[in-house]
Amino acid sequence: MVAELRRLPGPYEILDLPDRGSVTLRLVSWEQGSMVIHPTWPGAPAEKEIPVLRLHLAAGVKPYPPEYFDVTSKTLQAQLLPMLMERGFERYEYVITKYGVAPRARFTLERVPI
């Protein structure tokens, strides 16, 4: 169990980008929680609970529902959270770019005033 995080309801919409893929997000709210995954690597447990950062998007940012993305990368969560905890976080666009592939992928994050 992930300590003190409530399990977020599905459906899950994991933010998944290709290597060097980028996305620009405008946020209206966010929440921390957890979700259960079912790893498939040899010797993996049948299920594992992981922390998730759900980013609720402004209307029109994403062309299909649901209007949120679930961030499962701990390194990206660590970059986003300090910015999201600031007052007025919704007055920015967040440009996320992925470098590499899981599990060693890393992300850059740029915050641009709207």
Exercise. Taking the simple approach of a point 7 Å from Cα along Cα-to-Cβ for both residue 75 and residue 17, what is their distance in nm?
Worked result: 1.3 nm
Seminar exercise, completed: the chain: relative contact order from alpha carbon pairs under 8 Å, six or more residues apart, as a whole percent, is 29 percent
For this session: Taking the chain as the reference, fit the longest principal axis to its C-alpha atoms, fit the long axis of helix 74-84 to the helix C-alpha atoms, and give the angle between the two in degrees, 0 to 90, nearest 10.
Result: 30 degrees
For this session: Summarise the long-distance tail of P(r) for the chain by giving the % of C-alpha pairs beyond 25 Å.
Result: 22 percent
Seminar exercise, completed: Given GluC sites (Glu not before Pro), DSSP loops and at most 16 other Cβ atoms within 10 Å, the longest exposed-site-free stretch of the chain is 5-46
Exercise. Using DSSP loop states and a limit of at most 15 other Cβ atoms within 10 Å to flag trypsin sites (Lys or Arg not before Pro), what is the longest stretch of the chain containing no flagged site?
Worked result: 21-86
Problem set entry | Inter-label distance, nm, simple model (7 Å from Cα along the C-beta direction), residue 31/residue 67 | 1.5 nm
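FYI, it's all coordinate maths here, none of it is from the lab. Remember, predicted model here, so these are calculated numbers, not experimental data. Glycine gets a Cβ as well: all are built from the backbone with ideal geometry, and neighbour counts include every protein chain shown.
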